[in-house]
């Protein structure tokens, strides 16, 4: 046996325990770090060749492991931009140079420029939401952008569809042809009227008047005019000297089933030209308002659904009109769903999808390379990055207003600290004993 070898083995043991204490210290220091994954130290032996009757002491080496795949607890917060992942996947973030990283630290806050930035200064990335939902690039970071909320401030969207139910009095008098609102002549009879507000391409409010006139048993005509084109004298839309004004007009014929008094079939005539075209039974009951007034190309078209219209023996009762579109309004908040859809919430209550948060994963999660700021880089050992959306395939769900806590167990770390301290002390005793033996050998010469 080599005394020097024994002392070197003891030093190797003390160094190994020092490494272990280092990982324990890091874990305890980051026990409150959002999304932190604990590290641990694994030991393996170093064996030197020995001969019969003579043993050569070896040593021990350490290998640091990261429990990245281990889920941390979910803690709820009051911020809608705090995000946590329950299940597999990582947020994709970028540093100021645009380099993408993976992280589970989802404490994002909107900065002065509108970016969602976490506490380490990394910006959350996602796919921009256009007219259709985005598609993920499964094998790369192409197409991802830093999410910027300010890019969508003060926007409006034109109305394209709505519904306007009402009950039409079955006992109302029939109005003869030639004096219907659609004829737009002096003396036109108005049986019932209601109005609905829509929005043009600039976000300006436009009021449309709906005229309901009974033309036959179980049959009604609906005519729509734009209210700001009304004129004085006679029917509101007659031009100067009693001539018909070129007012925007849409007309539909509604037919009711006499047994159910519900809408049976409808008809739509573009403008005022041509006879009504009867739609087959069971088809959609609607009217399309074509309005080129705001100058947009193509002209704005608004489809109004009448499928909930009724004809009971009761007074005319308009229902709640519902229509899409919104006036110019600033963003007051953002909502992030479990599927990663980022929705801008405007001051007037309107909502608009603007981004889709993507998640990434690798075949061997624990082989990712940790970097400063609680982020990770893929390596050859971790495998190729795969990108997808939350709640799709093996990817987990995003929780808004929540954070993933670290997976550090303080009790376990303190236990390891005590154990490491004891083993370190034992190794120092081996070293001290070897030193004492060396003193004996040196004293022999004296």
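We did not get these values from a lab; they are worked out from the coordinates using the rules stated. Computed from a prediction, not measured in an experiment: that's the story for all the values here. Neighbour counts run over all protein chains shown; Cβ positions are idealised from the backbone, glycine included.
Using the Kirkwood radius built from alpha carbon pairs, what does the Stokes-Einstein equation give as D for region 23-143 at 25 °C and 0.890 mPa s, in µm² per second? Approximately 135 µm²/s, per Stokes-Einstein. Between residue 18 and residue 61, the contour length at 0.36 nm per residue exceeds the alpha carbon distance by 14.3 nm. This ranking places 174, 442 by how few other beta-carbon atoms lie within 10 Å of each, fewest first, which gives 442, 174. Note on region 341-389 and region 98-116: Cα centroid distance 10 Å, given to the nearest whole angstrom.
Please find the FRET efficiency linking residue 71 to residue 422, where r is the Cβ-Cβ separation and R0 is fixed at 25 Å, and quote it to the nearest 0.05.
Numbers: r = 31 Å, r/R0 = 1.25.
Working from the Cβ atoms, E equals 0.20.
Dividing the C-alpha radius of gyration of region 344-446 by 2.2 N^0.38 Å, with N its residue count, gives 2.13. Quick one: of the DSSP bridges fully inside the chain, what percent are antiparallel, nearest 5? Counting only bridges with both partners in the chain, antiparallel ones make up about 95 percent. For the chain, a Gaussian network of Cα nodes joined below 10 Å ranks 189, 47, 224 by mean-square fluctuation, and the top entry is 47. Multiplying the residue separation of residue 230 and residue 303 by 0.36 nm and removing their Cα-Cα distance gives an extension gain of 24.1 nm. Applying the Kirkwood pairwise sum to the alpha-carbon positions of region 286-376 produces a hydrodynamic radius of 18.8 angstrom.
Residues 429, 170 in ascending order of nearby Cβ atoms (within 10 Å, fewest first): 429, 170.
Start at zero, step by 10 Å, and the Cα-Cα distances of region 54-95 spread as 17, 31, 21, 12, 10, 7, 2 percent across the bins.
Between residue 332 and residue 366, full extension at 0.36 nm per residue minus the direct alpha carbon distance yields a gain of 8.3 nm. Counting every other Cβ atom within 10 Å of each residue's Cβ, 65, 226 order from fewest to most as 65, 226. Taking the centroid of alpha carbons for each part, region 25-80 and region 134-190 are 60 Å apart.
Across 88, 419, 335, mean-square fluctuation computed from a Gaussian network of the chain (C-alpha pairs under 10 Å connected) peaks at 419.
Note on the chain: GNM, Cα springs under 10 Å; of 300, 347, 432, the largest mean-square fluctuation is that of 432. Relative to the longest principal axis of the Cα atoms of the chain, the long axis of helix 3-29 lies at roughly 20 degrees.
For the chain, the extents of the C-alpha atoms along the principal axes are 136, 45, 34 Å, listed from largest to smallest.
Under the simplified labelling scheme, the residue 345-residue 50 pair shows an inter-label distance of 7.0 nm, with each label point 7 Å from Cα along Cα→Cβ. Extent along the principal axes, Cα only, for region 79-213: 73, 31, 30 Å, with the longest axis given first.
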